[in-house]
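Enquirer: Quick one: the structure is below, questions incoming.
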Amino acid sequence: MNLEIKPLTPELAADYFDFFENRAFTDNSPYRCYCQVYQMSKEQNQAVYDRITAEGLDPGCASREVAERQIADSVLRGYLAYVDGKSIGWCNANNRANYPAEPVYNDIPFHAPADKREKAVICFEIAPEYRGKGVATALSQQVINDAKAEGYIAVVGFPILRDELYEWDCPGPIRLYVKAGFVEAARQDDRVVMRKELRL
């Protein structure tokens, strides 16, 4: 498999939406989104919901508009995976300081102050036919490599404890983090904070 990893930029927005609209959820996944919500505060999310209600907008179209703005403003960051020039995977990864301190979902501790110099791995989505082929592993390794080059001191992930394999496990399974050298740093209910130190 000729796999290539590229950081998301505004110039790659078309590839991003091509992936999410044509390949990401072709297995009838219940999680149809544009990965936009993690960058939104409660206030921002409520404003979008109010607009959907007031104007009768399609929620999917409203979510796409948010993602379009986030990509254009470099708020939504991460990596796209390509095979033969086609986008087939995604990883949401960013400086923890860039995630809202009061996120839409209270139970997810993505945010940390800028002086912590930590990058977060938030979400993976892989086209069904490419799952189990090392795409998520390659994406996570690219996050680690770039974080180290950019002077971060750690990369942190937030997988969920599960008793069995869950096909739509967007934070990624714990074994993915262990394989990349992460260790458990904390737990919050069924969510595990996995951390990989980058300092020598």
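Enquirer: So the check is Cβ under 9 Å with 6+ separation or different chains; which pairs have a first residue in the stretch 54-68 that's more than 13 Å from TYR16 (Cα to Cα) and a second one that's assigned to a loop (DSSP other than H, G, I, E, B) and open to solvent by 80 Å² or more (accessible area, probe 1.4 Å)?
Expert: GLY60/ARG32; SER63/ARG32
Enquirer: Let me ask something else. Kindly indicate the residue of the stretch 34-65 that is in a helix (DSSP H, G or I) and in contact with a Phe, Trp or Tyr (Cβ under 7 Å, 6 or more places away or on another chain) and also least open to solvent (accessible area, probe 1.4 Å) among those meeting that condition.
Expert: First pass over the stretch 34-65, keeping only residues in a helix (DSSP H, G or I): 37-39, 42-55, 59-65.
When the remaining residues are screened for being in contact with a Phe, Trp or Tyr (Cβ under 7 Å, 6 or more places away or on another chain), the result is 38-39, 63-64.
Working: TYR38: 39, GLN39: 13, SER63: 30, ARG64: 66 Å².
Residue satisfying both the conditions and the ranking: GLN39.
Enquirer: Would you be able to tell me the number of residues in the stretch 3-28 that are farther than 25 Å from LYS119 by Cβ and either open to solvent by 50 Å² or more (accessible area, probe 1.4 Å) or assigned to a helix (DSSP H, G or I) (or both)?
Expert: Final tally of qualifying residues: 6.
Enquirer: Would you pick out the residues in the stretch 72-95 that are within 17 Å of VAL121 (Cα to Cα) and among the β-branched types (Val, Ile, Thr)?
Expert: Of all residues in the stretch 72-95, those within 17 Å of VAL121 (Cα to Cα) come to 74-81, 89-95.
Of everything in the stretch 72-95, just one residue is within 17 Å of VAL121 (Cα to Cα) and among the β-branched types (Val, Ile, Thr), namely VAL75.
Enquirer: Anything in the stretch 36-70 that is in contact with a Leu (Cβ under 8 Å, 6 or more places away or on another chain) and of a type in the set (S, T, N, Q)? List them, or say none. So that I can check it myself, show each step before the final result.
Expert: In the first step, residues of the stretch 36-70 are kept if they are in contact with a Leu (Cβ under 8 Å, 6 or more places away or on another chain); the result is 36, 39, 51, 67, 70.
Scanning the stretch 36-70 gives GLN36, GLN39, GLN70.
Enquirer: Pairs only if they're at least six apart or on different chains, beta carbon under 7 angstrom, first in the stretch 92-111 and among the small types (Gly, Ala, Ser), second in a helix (DSSP H, G or I); list them, first residue then second.
Expert: If the second residue must be in a helix (DSSP H, G or I), the pairs left are ALA93/VAL143; ALA97/ALA114.
Enquirer: Within the stretch 180-189, is there a residue that is within 14 Å of the chain's Cα centre (by Cα) and within 14 Å of CYS91 (Cβ to Cβ)? Quick ask: steps written out before the conclusion?
Expert: At the first step, the residues of the stretch 180-189 found to be within 14 Å of the chain's Cα centre (by Cα) are none.
For the stretch 180-189, residues within 14 Å of the chain's Cα centre (by Cα) and within 14 Å of CYS91 (Cβ to Cβ): absent.
Enquirer: So which residues in the stretch 147-170 are under 21 Å from TYR38 (Cα atoms) and either at pLDDT 90 or above or of a type in the set (Gly, Ala, Ser) (or both), if there are any at all?
Expert: Matches in the stretch 147-170: ALA147, TYR152, ALA154, VAL155, VAL156, GLY157, PHE158, PRO159.
Enquirer: May I ask you to verify whether TYR31 is of a type in the set (Phe, Trp, Tyr) and either modelled with pLDDT under 95 or exposed (fewer than 14 other Cβ atoms within 10 Å of the Cβ) (or both)? Talk me through it step by step, then tell me what you get.
Expert: Working: of a type in the set (Phe, Trp, Tyr): yes; either modelled with pLDDT under 95 or exposed (fewer than 14 other Cβ atoms within 10 Å of the Cβ) (or both): yes.
Criteria met by TYR31.
The values are calculated or read from the model by the stated rules, or taken from the named source; none is laboratory data. Here the structure is a predicted model, which is why all the values come from computation and not from measurement. Note that each Cβ is placed from the backbone with ideal geometry, even for glycine, and that neighbours are counted across all protein chains shown. These accessible areas exclude ligands, DNA and RNA; they are computed on the full protein's heavy atoms, side chains included. Shrake-Rupley method; radii C 1.70, N 1.55, O 1.52, S 1.80 Å.
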